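**Student:** After the structure tokens below, expect a handful of questions from me.
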Amino acid sequence: MDIKRVKDYIYWLYYQYLLITCSYVLEPWERSMFHTITVTVFAMVVYTAYVFVPIHVRLALEFFSQIFGGQTESTV
């Protein structure tokens, strides 16, 4: 791909983001605060999913394996 096309595509995606969130009507300082809060919330969601989802999946698998007659570790 051409570098200019990639750059135009990224600008287009950013413009779509501004339109969807209606942040294009904000003043520059308000827009930077909005972006900061949005990125912070997104980072916290990703971190929480990375840390806690595997734990809950493992616990759910252990729970359902005990319900459906799987052997526990102590009997193996």
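The values are calculated or read from the model by the stated rules, or taken from the named source; none is laboratory data. Quick caveat, the model's predicted, so the values are computed rather than measured. Note: ideal-geometry Cβ built from the backbone for every residue, glycine included; neighbour counts use all protein chains shown. Areas reflect the complete protein model, heavy atoms only, side chains present, ligands, DNA and RNA absent. Shrake-Rupley method; radii C 1.70, N 1.55, O 1.52, S 1.80 Å.
**Student:** Compute the acute angle (0 to 90°) between the alpha-carbon long axis of helix 28-67 and the principal axis of greatest extent of the alpha-carbon atoms of the chain; round to the nearest 10°.
**Tutor:** Result, in degrees: 10.
**Student:** Ok, one more. Just going by the charge dipole of segment 3-68, with Lys and Arg at +1 and Asp and Glu at -1 on Cβ, which of Val6, Phe64, Met44 is farthest out on the positive end?
**Tutor:** The one lying farthest along the dipole's positive direction is Val6.
**Student:** Compute the angle between helix 3-21 and the longest alpha-carbon principal axis of the chain, please, reported from 0 to 90 degrees and rounded to the nearest 10.
**Tutor:** 80 degrees
**Student:** Mind ranking Glu62, Glu27 by accessible surface for me, highest first, 1.4 Å probe? Spell out each step's value before the answer.
**Tutor:** Details: Glu62 75, Glu27 100 Å².
Result of the area sort, largest leading: Glu27, Glu62.
**Student:** Give me the accessible area per residue for segment 3-68, probe 1.4 Å, as a whole number in Å².
**Tutor:** Details: 5950 Å² over 66 residues.
With all protein chains present, segment 3-68 gives 90 Å² per residue.
**Student:** What's the carbon and sulfur percent of the chain's accessible surface, probe 1.4 angstrom, rounded to a whole number?
**Tutor:** Taking all protein chains in place, the chain shows 72 percent carbon and sulfur surface.
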